[in-house]
Amino acid sequence: MLELRDLHKRYRVGGGEPIHAVDGVSLSIAAGEFVALYGPSGSGKTTLLELVAGLRRPDSGTVLVDGRDIFAMSERQREEYRLRRLGIVGQPQHLIPGARAIENASLKLLLTSARTAARDIEPLLQRLGLGERLHHRTEQLSMGERQRVMLARALALDPPLVLADEPTGSLDSHRTAQVLALLREICAERASTVLLATHDPQAALFADRVCELHDGRLHEHPLREPERDAEPVRG
């Protein structure tokens, strides 16, 4: 489903030596697989996700999604890819201040089916335990509720590929487990492929497979068997 071939991305800060944010990364992820990209801040995780999303162009290497090179696409085709085939689970600060939960969650739907956006997103918000919070504004939601709105936004168009960049960085361990249990459950039902970037070893335990990114280089990183006893939030 997703294949990265020898990806390189370097940055130069001032007149210093180039920083190898992504240094020869190759990775294959099967359809429906949940893979954690584990590493400390500054290890290159966000850059790698941006390359997969087509938001940055690699210096060299290839990103294939269902066998198609996303950097052989036109910019318009990449925008369509990000809209319809890719879900990006960001952090709660990416919500629109003052907007209602149902409005924040339905942003993608407003671009594809504006008249029915609210009606179409409501079942997913109900599933995420937000049925009584649909019309609460961002500032009225808890951090856990805000993160579940971000999940709804990412999953609104049933994307086959989901990228999650530190989605639980602002949550405590209990809420982290609940949000990741929901993400795993819904994506498994839909056979969506997930690439989760995290610095939290407990979050990484929700994945089928864990790869460690350190100084831009990728390694298989064995962790103990996951404990997935957290019940997803229902209300």
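Every number in this text was worked out from the coordinates using simple rules, so none of it is lab data. Just so it is clear, the model here is predicted, and its values are computed rather than measured. All Cβ positions, even for glycine, are placed from backbone atoms using ideal geometry, and neighbour counts span all protein chains on display.
Classify segment 83-223: rounded, prolate or oblate, from the alpha-carbon gyration tensor (a ≥ b ≥ c, eigenvalue square roots; a/c under 1.5 rounded; otherwise prolate if a/b is larger than b/c)? Verdict is prolate for segment 83-223. Peptide packing: for 125-131, 114-120, 188-194, 48-54, the average count of neighbouring Cβ atoms within 10 Å per residue gives the ranking 48-54, 125-131, 188-194, 114-120, highest mean first. Which shape class applies to segment 1-80: rounded if a/c is under 1.5, otherwise prolate when a/b exceeds b/c and oblate if not, where a ≥ b ≥ c are the square roots of the Cα gyration tensor eigenvalues? In terms of gyration-tensor shape, oblate. On the beta carbon distance between LEU110 and MET143, with R0 = 22 Å, the FRET formula returns roughly 0.35.
Comparing PRO97, GLN77, VAL65 along the charge dipole axis of segment 1-131, the residue lying farthest to the positive side is PRO97, per the Cβ-charge model. For the chain, the convex hull drawn through the C-alpha positions has a volume of 128 cubic angstrom per residue.
Spin-label model, SER170 to LEU64: label points 7 Å out along the Cα-to-beta-carbon direction sit 3.8 nm apart. Is segment 93-139 rounded, prolate or oblate when judged by the Cα gyration tensor, a ≥ b ≥ c being the square roots of its eigenvalues, rounded requiring a/c under 1.5 and prolate requiring a/b larger than b/c? Oblate, since a/c reaches 1.5 and b/c is not below a/b.
Rounded to the nearest Hz, the phi-derived 3J(HN,Hα) couplings of segment 70-84 under the Karplus curve 6.51 cos²θ - 1.76 cosθ + 1.60 (θ = phi - 60°) are 5, 8, 8, 7, 6, 4, 5, 5, 5, 4, 5, 4, 5, 6, 9, where x marks glycine and proline. Using r as the Cβ-Cβ distance of ALA31 and ASP120, and R0 as 22 Å, what FRET efficiency do you calculate, to the nearest 0.05? Efficiency for this residue pair is about 0.35. For segment 114-159, a Kirkwood hydrodynamic radius built from all Cα pairs, placed in the Stokes-Einstein relation at 10 °C and 1.306 mPa s, yields a translational diffusion coefficient of 146 µm²/s. Placing +1 on the Cβ of every Lys and Arg and -1 on the Cβ of every Asp and Glu, with no other charges, gives the chain a dipole of roughly 760 debye about its Cα centre.
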